[in-house]
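See structure below.
Nothing in this text is a laboratory measurement; each read-out follows from the coordinates by a stated rule. Note that the structure is predicted; figures quoted are calculated from it, not measured. Note: ideal-geometry Cβ built from the backbone for every residue, glycine included; neighbour counts use all protein chains shown.
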Number of protein chains: 2
Amino acid sequence: MRKMGDDCCDMRGFLGFLILFLLSKKAMHGQELADELAKRKGEKPSPGTIYPAIKGLKEAGFLEEQKEGKTITYSLSPQGKNALRIAKRRFTRTFLGVFP
Amino acid sequence: MRKMGDDCCDMRGFLGFLILFLLSKKAMHGQELADELAKRKGEKPSPGTIYPAIKGLKEAGFLEEQKEGKTITYSLSPQGKNALRIAKRRFTRTFLGVFP
DNA sequence: TTATATATATCGGACACCCAATAGATCAGT
DNA sequence: ACTGATCTATTGGGTGTCCGATATATATAA
């Protein structure tokens, strides 16, 4: 059984969803995403977390990328926008009333 | 790698959080919780999902229970309310802007 | 050119989440 | 008492999520 302290769960999951959401606001490269996730979740995801997540979204056809030197800037493809729309609807229904 | 269809993720996780939230609205027993989760997530969690989750919250001291016949009605303990408050704050910060 | 910093990427494994199957316990109706 | 329905509960295992360690590539500075 998982250990619990003051908190009820470790808020795992939804990483791919959050990445899609963040990219819908602004095109970013991997490190920018990691920094933004750090602000929101309180802890910066490791490279072994962020890059496989990006890869999965890329392989699903949800991302467009623009390479410039060592950085790769990602944005949402049309399929990515559609996937985000569907996921947002489900997310909203699931957590209806949780937000203040 | 996980398979992806139209959607970006399978919305796993946060079951304990959702249970705490639902119990903060209304005391319920296990089956009521499962039905409410079915309405929100679109699929009713199996007994092997809901009861271990309840057990974990109970062992963490987050729940008070009132047995009456075969049903056990759960409500939040003071620690449970506190845990929910903390988790809600984190949840809100993490998913800020996702809600319409 | 060497050194350092930054960005990207992969691999192995730990752990959490959840389900299917199964079983015990209690109640209602016949 | 018997049957079926409902609620609770456990076990075993599959799968996804994530991290630590490590490696590669590119840019900047001395």
Dividing the mean separation of Cα pairs under 8 Å (6+ apart) by the residue count of chain A yields a relative contact order in percent of 28 percent
For chain B, longest principal axis from Cα atoms; helix B:30-41 axis from its Cα atoms; angle between them, nearest 10 degrees, is 20 degrees
Partner shielding of A:22-32, as the mean number of partner chain Cβ atoms within 10 Å, equals 0
Residue-ordered couplings for the range B:16-24, obtained by feeding phi - 60° into the Karplus form 6.51 cos²θ - 1.76 cosθ + 1.60 and rounding to whole Hz (Gly and Pro as x), are x, 4, 5, 5, 4, 4, 5, 6, 6
The set of residues whose placed amide H lies less than 5 Å from the amide H of residue A:64, leaving out same-chain residues fewer than 5 positions away, is A:75, A:76, A:77
Two pseudo-spin positions, 7 Å from Cα along C-beta at residue A:70 and at residue A:44, lie apart in nanometres by 1.4 nm
In degrees, nearest 10, the alpha-carbon axis of helix A:78-94 is tilted away from the dominant principal axis of the alpha carbons of chain A by 10 degrees
So the angle from the long Cα axis of helix A:47-59 to the longest Cα principal axis of chain A, reported in degrees to the nearest 10, equals 60 degrees
Only helices counted: for chain A, with every DSSP H run of 4 or more residues adding -39500 (n - 2.57) and the sum spread over all residues, [θ] at 222 nm is -17000 deg cm²/dmol
Note to self: Kirkwood Rh of chain B, Cα pairs, one decimal, Å, is 14.7 Å
Surpassing 19 Å at the alpha-carbon level, of the pairs A:41/B:39; B:25/B:58; A:25/B:88; B:41/B:70; B:25/B:70; A:88/B:41, are A:41/B:39; A:25/B:88; B:41/B:70; B:25/B:70
note: the protein assembly as shown, Cα-Cα separations exceeding 20 Å make up a percent value of 59 percent
